[in-house]
Amino acid sequence: MTNPRPYRIAIYALTCLVLLVATTIMARADNARKATTKKTTPVASSPISSAVSTTIRALGSVRTQQQHPQQRVLVGNDTVRKENRFLFVRAASEVLTVRIELARDEAQVEIGVYNMLGKKIMDVHRGTTARGIHEYTTAIQDLPEGVYVCVMQGADFRKAEKFYLSR
């Protein structure tokens, strides 16, 4: 009877070799995919993204400009449009703090707190507000724990922010 051991060793060696070659091929394909992914640049689809792309390229080429001062990159004006927004809504055990940012002067701004059923619970602020950052605080000791919505609205905008009150 022949000794089956040499065949087993040969099969084991051949299996290891196939696994090594397959792993090497997969690693090279993965590296090639990563290299092509890094080289692609996003296509600008709007004037805003075009301006952002130009700005990023300009900031990234500072080293090139220092080496070659005759090259200039022209960057347009800032085209980012500021919007009215909540910076934060924070509910402590006794005080609600609301910080907002307005893009322009508003004749009438109302900030209120609503429960999850849509019922207005309290007013935080009501009146004329200049552009910029504003912070309003109000006492909330009578408010039970739960989830609420803080709504800020003006003549042509409405923003909402959820917050949770726990004591």
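The values are calculated or read from the model by the stated rules, or taken from the named source; none is laboratory data. A quick note: this is a predicted structure, and the numbers were derived from the prediction, not measured. With ideal geometry, Cβ positions are generated from the backbone for all residues, glycine too; neighbour counts draw on all protein chains shown.
Collect the residues in the range 153-167 that are farther than 15 Å from Arg90 by Cβ and either in contact (Cβ under 8 Å) with a residue 60 or more places away in the chain or touching a Pro at 6+ places or on another chain (Cβ under 6 Å) (or both), keeping them in residue-number order. Let's see the steps before the verdict.
Initially, the range 153-167 is screened for residues farther than 15 Å from Arg90 by Cβ, giving 153-160.
Within the range 153-167, Gly154, Phe157, Lys159 meet the criteria.
Checking the conditions here, which among Glu101, Glu135 is surrounded by 14 or more Cβ atoms within 10 Å (Cβ to Cβ), assigned to a strand (DSSP E or B) and touching a residue at least 12 places away in the same chain (Cβ under 8 Å)? Write out each step before concluding.
On the way: Glu135 fails: surrounded by 14 or more Cβ atoms within 10 Å (Cβ to Cβ).
Sole residue among the options that is surrounded by 14 or more Cβ atoms within 10 Å (Cβ to Cβ), assigned to a strand (DSSP E or B) and touching a residue at least 12 places away in the same chain (Cβ under 8 Å): Glu101.
With respect to the numbered conditions (1) at pLDDT below 95; (2) not hydroxyl-bearing (Ser, Thr, Tyr); (3) not in a helix (DSSP H, G or I), which one is the sole condition not fulfilled by Gly112?
Exception for Gly112: condition (1).
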